[in-house]
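Comments concern the structure below.
The values are calculated or read from the model by the stated rules, or taken from the named source; none is laboratory data. Small disclaimer: the values here were computed from a predicted structure and weren't measured. Cβ atoms come from the backbone with ideal geometry, glycine included; neighbour counts cover every protein chain shown. Areas reflect the complete protein model, heavy atoms only, side chains present, ligands, DNA and RNA absent. Shrake-Rupley method; radii C 1.70, N 1.55, O 1.52, S 1.80 Å.
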Amino acid sequence: MSKRIIILLLFLIPALVCIAGVRDIQQVKKSILELNSKPSDETVGQYLESQQADGSWKDINYQDTMRSQWGPSFHASRLTTMATAYKDKNSVFYKKKDVAKKIHQGMRYWNDGKFVCRNWWYNQIGVPRILGILYLLMEDEMSKDELTAAIQYMKNSKFGMTGQNSAWLAENVLVRALLEKNEPLLLEARDYILRELVVSQDGEGVRPDMSFHQHGPQQQFGNYGLSYANTQAYWARIFKATVYEVGREQLDILHHYLVDGLQGTCWKGYMDIGSCGRQAVRNAQKTKARG
């Protein structure tokens, strides 16, 4: 091989790797949005009709101090629902200018309000998970200030904690990486999510007997363990056929947890009451078995 060809390859190979990386990043974003559940046009119509001129909703308590079912989180959910319909070619609201205007008004109200819940989970995990989808949907139509505010809000989520909380936080960091077009951060977030696909001998997460522990030696099949199954299956699907694809050994752990652990807690449409974790509320056995 001539020296000229070798020099040419030294320039071409990094460029081809870069192109492949960009393609896979775009595929990750595309898959996230494709798997985002589509709302009914009726629901979206109700949100649009009831939204006030300043972008808020009269039936939401924006001064809510509750630690669960936190009022402002419903504002985030409604905006994401509206944006999903706005970007859905099969929706009657697809690319409607008045819908876009209401979404931006709602985003402005959220940014100006600087809402903070007394429960850390909403601030660092729950609401960023909701708004992350909104930001990805509207990224190409956001102003520079809106994008800056979006990235800043997603910074509420940082790597840390253990078990399913760690995976949730990493999901939000990954979305920020997509908004920032930051592949090293995306790779780091991907690794944080997938590092929970292990069998823990004495810590939190999946145990050798295929149970799931969180917050110490507490069996948590029905809440953290159920979310864990959904999260890991979701990202295995997102990363499939990209450079970020989940390895066979990790998929085997997920498979065994589903078949040899979680599956055994459900019978005839009900989850065992002792497996529901700390969320043993009305109809919990039915809803968790269905999940």
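Using a 1.4 Å probe on the protein heavy atoms, what percent of the accessible area of the range 131-203 belongs to carbon and sulfur? Exposed carbon and sulfur together represent 52 percent of the surface. Per residue, the accessible area of the range 57-158 comes to 51 Å², computed with a 1.4 Å probe over protein heavy atoms only. Histogrammed with a bin width of 10 Å, the alpha carbon distances of the chain distribute as 6, 24, 31, 25, 11, 3, 1, 0 percent, first bin at zero. For the residue pairs 158/181; 30/114; 102/144; 155/288; 29/87; 155/181, the C-alpha atoms sit more than 20 angstrom apart in 30/114; 155/288. Across all Cα pairs in the range 86-155, the calculated P(r) in 5 Å bins from zero up to the longest distance comes to 3, 15, 25, 25, 16, 10, 5, 1 percent per bin. Taking amide H as placed 1.01 Å from N in the peptide plane, the amide H of residue 205 sits under 5 Å from that of 213, 214, each at least 5 places away or on another chain. Per DSSP helix of 4 or more residues, -39500 (n - 2.57); summed, then divided by the residues of the chain. What does that give at 222 nm, rounded to the nearest 500? It lands at -18000 deg cm²/dmol.
Charging the Cβ of each Asp and Glu at -1 and of each Lys and Arg at +1, and nothing else, the dipole of the range 113-211 about its Cα centre rounds to 340 debye. Rolling a 1.4 Å probe over the protein heavy atoms gives the range 163-266 an accessible area of 41 Å² per residue. Taking every C-alpha pair closer than 8 Å and separated by at least 6 residues, the mean separation divided by the residue count of the range 26-103 gives a relative contact order of 30 percent. Considering only 186, 148, 235, the residue lying farthest towards the positive end of the dipole of the range 148-291 is 148, judged by Cα position with unit charges set on Cβ.
Taking the protein heavy atoms of the range 228-291 in the context of the full set of protein chains, the accessible area attributed to carbon and sulfur is 51 percent at 1.4 Å. Counting only heavy atoms of the protein chains and using a 1.4 Å probe, residue 255 has close to 100 Å² of accessible surface.
A simple rule links phi to the HN-Hα coupling: the Karplus curve 6.51 cos²θ - 1.76 cosθ + 1.60 with θ = phi - 60°, which for the range 168-173 gives 4, 4, 5, 4, 5, 5 Hz, with x for Gly and Pro.
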